[in-house]
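The values are calculated or read from the model by the stated rules, or taken from the named source; none is laboratory data. No experiment lies behind these values; they were computed from the predicted model shown. No Cβ is skipped: glycine too gets one built from the backbone with ideal geometry, and neighbour counts run over all protein chains shown.
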Amino acid sequence: MTLLFLTGQFLAGFVLLVAGAEFLVRGASRIAAKLRIPAAVIGLTVVAFGTSLPELVVSLTASLSGEGNDIAIGNIVGSNIANLGLILGLCGLIATLAVKASFTQREIPLLIGVSVIFTIMAMYDGSIGRIDGLLLVAGLVVFEGFSFRAATREREFGEELVEAVEAAENIDDRIATPSQQPWFDVLLIILGIVGLVVGADWLVDAATAIARLLNVPELIIGLTLVAVGTSLPEVATSLVAVVRKNGDIAIANVLGSNLFNILGIAGITAVVSPIAVPSSMLMSSFLPMLGFTVLVAVLAWPKPNDIKRWEAGLLLALYLAYTVWLVFFSAS
């Protein structure tokens with residue numbers, strides 16, 4: 001197959017992935033609202049999981065294929081790096097991003113801790129095994145359970161959970177309203193699932209073939225092209241949120257996505273099919289992921305708890321520098 005054909009297949013896979021996630025979230029959210037499920041629960045489940053579905057389906061497809069393992073782990077870690085460097089960088093250049101005090105006290109320290117544990121798991125024996133995966137999924141269940149209990153006890157926490165729905169409403173303001181045409185929303189769910197499955201299959205196949213054709217390691221493709229592509233739902237919702245002066249939603253979106261990438265996507269993928277982790281990933285991805293996470297914490301910590309434009313520019317510049325370095329790293 002020619003490079004032009006593979007590029008077309010790659011892009012078509014991205015389109016199907018993003019469209020599939022959008023259809024699934026829209027349909028499922030409206031059905032959930034029709035069933036009188038609270039907005040906080042919709043935000044914690046349908047929307048939060050739905051915007052991360054591209055990463056999940058791609059990582060599962062790559063891992064199960066037996067030939068795309070590097071794409072699977074590269075997609076997970078690369079998406080976290082892209083969320084912190086690329087998405088926060090772009091959003092922060094548009095407007096200063098306000099960071100709620102609760103983020104610096106809870107979500108950011110939690111993300112740092114989870115990232116460190118994930119790195120130790122991966123580097124200890126060179127894999128994320130089924131036991132590791134079960135521990136990560138258990139961590140996700142505990143986190144979601146704590147968040148839901150907090151939502152019923154404290155108004156502040158409840159508002160934060162509803163932000164997941166508000167982020168989606170930036171794209172479609174009817175996403176959390178009760179379904180008026182259930183048959184149509186069920187159709188959207190079905191089309192969304194088909195789009196996700198087919199899109200992930202096309203994307204992984206094309207990414208693997210392009211890597212071989214250009215003699216580029218699959219890990220680099222996973223850390224860059226695949227990672228950025230599967231983060232498109234987060235890019236869209238975060239950028240629109242900032243344009244509409246809801247910068248705190250962009251922060252919540254990124255932090256929530258990164259936590260779910262590690263606890264949910266890596267965990268579920270490892271339970272289904274253990275993920276081998278190349279030793280080279282410590283330098284090429286895990287340490288950069290930890291570095292970006294700590295840097296965001298350092299930038300957001302000082303009062304008045306925000307990420308200024310010049311700080312966002314620094315994040316974006318470092319992400320671009322990291323991407324260029326990856327090319328030279330792979331060459332060596």
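Cβ separations smaller than 7 Å between residues 6+ apart or across chains give the following pairs from segment 87-107 residues that are of a type in the set (Phe, Trp, Tyr) to residues that are modelled with pLDDT under 85 and buried (at least 24 other Cβ atoms within 10 Å of the Cβ): Phe103/Ile251. Reported count of residues in segment 97-134, each being of a type in the set (Ser, Thr, Tyr) and either under 24 Å from Val272 (Cβ atoms) or at pLDDT 90 or above (or both), is 4.
Being assigned to a helix (DSSP H, G or I), farther than 18 Å from Leu225 by Cβ and modelled with pLDDT under 95 is a description that applies to Ala312. Taken as a whole, the structure leaves Ile87 outside the set of residues that are of a type in the set (A, V, I, L, M, F, W, C), modelled with pLDDT of 85 or more, under 14 Å from Pro278 (Cβ atoms) and surrounded by 16 or more Cβ atoms within 10 Å (Cβ to Cβ). Please go through segment 271-309 and pick out each residue that is among the hydroxyl-bearing types (Ser, Thr, Tyr) and assigned to a helix (DSSP H, G or I). Listed by number, the residues that qualify are Ser284, Ser285, Thr293. Candidates Ile42, Ile37: the one that is buried (at least 24 other Cβ atoms within 10 Å of the Cβ), more than 30 Å from Val216 (Cβ to Cβ) and at pLDDT below 75 is Ile42.
Condition check ((1) of a type in the set (S, T, N, Q); (2) within 17 Å of Leu90 (Cα to Cα); (3) outside any helix (DSSP H, G or I); (4) modelled with pLDDT of 80 or more) across all residues:
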{"residue": "Gly192", "(1), (2), (3), (4)": "no, no, no, yes"}
{"residue": "Leu196", "(1), (2), (3), (4)": "no, no, no, no"}
{"residue": "Thr224", "(1), (2), (3), (4)": "yes, yes, no, yes"}
{"residue": "Pro233", "(1), (2), (3), (4)": "no, yes, no, no"}
{"residue": "Val242", "(1), (2), (3), (4)": "no, yes, no, no"}
{"residue": "Leu259", "(1), (2), (3), (4)": "no, no, no, yes"}
{"residue": "Gly264", "(1), (2), (3), (4)": "no, no, no, yes"}
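Within segment 272-299, being surrounded by fewer than 22 Cβ atoms within 10 Å (Cβ to Cβ) and touching a strand residue (DSSP E or B) at 6+ places or on another chain (Cβ under 6 Å) holds for Pro274, Ala276, Leu299.
The condition of being farther than 21 Å from Ser52 by Cβ and of a type in the set (Val, Ile, Thr) holds for only one of Ile307, Ile268, that being Ile307.
Taking (1) in contact (Cβ under 8 Å) with a residue 60 or more places away in the chain; (2) of a type outside the set (Lys, Arg); (3) within 22 Å of Gln105 (Cβ to Cβ) in turn, Gly267 satisfies each apart from (3).
Pairs under 9 Å by beta carbon, first residue closer than 24 Å to Val240 by Cβ in segment 173-184, partner at pLDDT 80 or above, six or more apart or different chains? Going by the 9 Å Cβ cut-off, the qualifying pairs are Ser179/Asp185; Ser179/Val186. Surrounded by fewer than 24 Cβ atoms within 10 Å (Cβ to Cβ), at pLDDT 75 or above and out of contact with any strand residue (DSSP E or B) (no Cβ under 7 Å at 6 or more places or on another chain): is that true of Ile94 in this structure? It is true that Ile94 is surrounded by fewer than 24 Cβ atoms within 10 Å (Cβ to Cβ), at pLDDT 75 or above and out of contact with any strand residue (DSSP E or B) (no Cβ under 7 Å at 6 or more places or on another chain).
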